[in-house]
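Taking it in order: structure first as structure tokens, then the write-up.
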Amino acid sequence: MSEVLTEEQLQLFHQDGYLIERGLAGDDLVAKMNKLVDESVSPALAPVEYEADVHYPGAPESKAAPGGQTPRRLLNAYTRASVFREWANSEVVVSRLKAMLKCSRVMVSQNHHNCVMTKHPGYSSVTSWHQDIRYWSFDYPELISVWLALGNETAENGGLLLIPGSHQLNLERGRLDAALFLRTDIKDNQALIERAVPAQLNAGDTLFFHCRTFHAAGQNEADIIKKSLVYTYHDVDNRSIPETRSAVHSDIVVGE
Ligand SMILES: O=C(O)CCC(=O)C(=O)O
């Protein structure tokens, strides 16, 4: 029995493939992060991934096009600032991950997520339905991403939509397109997508989601930047496969 999550919360996580914890990060920590992020977007402090780099629907064609310099992700969050490391290592996060992953030691990946997602009004793009594990390589597909909202997140400003229980699906290859997004021309996929729910978050709320949970997000139709700090974690015994994208930088044990 976990001390940090109720049995009901754990069951919900395993059933839905995600769990939202309200107000897990304190106001002071969130304020410090917001200040840092606001100072890092214009000019965008490297390393940065731009909207133009993702080539998703709605993204500027190139860095030279209008909006081409819009940052999509401030990369390397873990090494970017101590306040981001503090959160990655915090007891509130790590203890929950240990309970969800049923393990005693947890590592954070420096290769996946490890960023502040910024979604700007005007020049944001659509992220289609996908499972994060699709491009990741580990011994087994048990990783959890921790998404900390630094402001309000709704479907309107490009917040995440998730399909409850989709982490348990084993879809045939034909249900996915060339880039491993869910094909929207298939009736069964349309029915699946209709089950999606928005992750409505306020600043300090934290979404834990499984690497096999299908999720998507739209453009930011609001008028302020949406900001979220995102890390991915795994059990120390679940190793990245050498010479893959998942193993470029060392994973780091957290909370010790
Ligand atoms: O914020 C978004 O558009 C979605 C990001 C996402 O799903 C991802 O990076 O895996």
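Read-outs throughout are calculated quantities, based only on the coordinates presented, and are distinct from any laboratory measurement. For clarity, every value in this text was computed on a predicted model and none was experimentally measured. FYI the Cβ positions are ideal-geometry reconstructions off the backbone, even for glycines, and counts take in every protein chain you see.
Some notes on this structure:
- Size-normalised alpha-carbon gyration radius of region 104-145, reference 2.2 N^0.38 Å: 1.49
- Gained length - GLN168 relative to HIS55, 0.36 nm times residue gap less alpha-carbon distance: 37.8 nm
- For region 112-185, GluC sites (Glu not before Pro) are listed when DSSP marks them as loop and at most 14 other Cβ atoms sit within 10 Å of their Cβ; the list is GLU156, GLU172.
- Three-way shape call for region 131-217 based on the alpha-carbon gyration tensor, with the a/c threshold at 1.5: oblate
- Across region 45-57, coupling constants 3J(HN,Hα) worked out from phi with the 6.51/-1.76/1.60 Karplus curve, θ = phi - 60°, read 8, 5, x, 9, 9, 9, 3, 5, 6, 7, 6, 7, x Hz, and Gly and Pro carry x.
- Globularity index of region 1-95 is 1.42 (Cα radius of gyration / 2.2 N^0.38 Å, N = number of residues).
- Distance violations [Cα-Cα > 21 Å] among LYS102/LYS226; LYS35/LYS119; LYS32/LYS227; LYS35/LYS63; LYS98/LYS119; LYS32/LYS119: LYS102/LYS226; LYS35/LYS63; LYS98/LYS119
- Formal net charge of residues neighbouring HIS234 (Cβ-Cβ distance under 11 Å; K, R +1; D, E -1): -3
- In nm, spacing of pseudo-spin labels at SER82 and GLN200 (7 Å Cα→C-beta vector): 3.8
- Inter-label distance, nm, simple model (7 Å from Cα along the C-beta direction), THR184/LYS35: 4.1
- Inter-label distance, GLU91 to LYS63: 4.4 nm, where each label sits 7 Å from its Cα along the C-beta direction.
- Residues of region 90-121 with amide N under 18 Å of a point placed 7 Å along Cα→Cβ from SER250: 105-112
- If the segment from ALA46 to ASP139 were pulled out straight at 0.36 nm per residue, it would be longer than the present Cα-Cα gap by 30.4 nm.
- Applying both filters, DSSP loop and at most 11 other Cβ atoms within 10 Å, to the trypsin sites (Lys or Arg not before Pro) of region 20-100 gives ARG22.
- A cut-off under 14 angstrom between Cβ atoms defines the neighbours of ILE20, and their net charge, with Lys, Arg +1 and Asp, Glu -1, is -3.
- Sorted into 10 angstrom bins from 0, the C-alpha pair distances of region 194-256 split as 13, 38, 30, 18, 1 percent.
- Rounded if a/c under 1.5, otherwise prolate or oblate - the chain, Cα gyration tensor axes: rounded
- For region 208-234 and region 144-196, distance of Cα centres in Å: 11
- Measuring nothing but how far apart in sequence close Cα pairs (under 8 Å, 6+ apart) lie, relative to its length, the chain scores a relative contact order of 31 percent.
- Computed extension gain for ILE224 through GLU156, at 0.36 nm per residue and net of the alpha carbon distance, reaches 23.3 nm.
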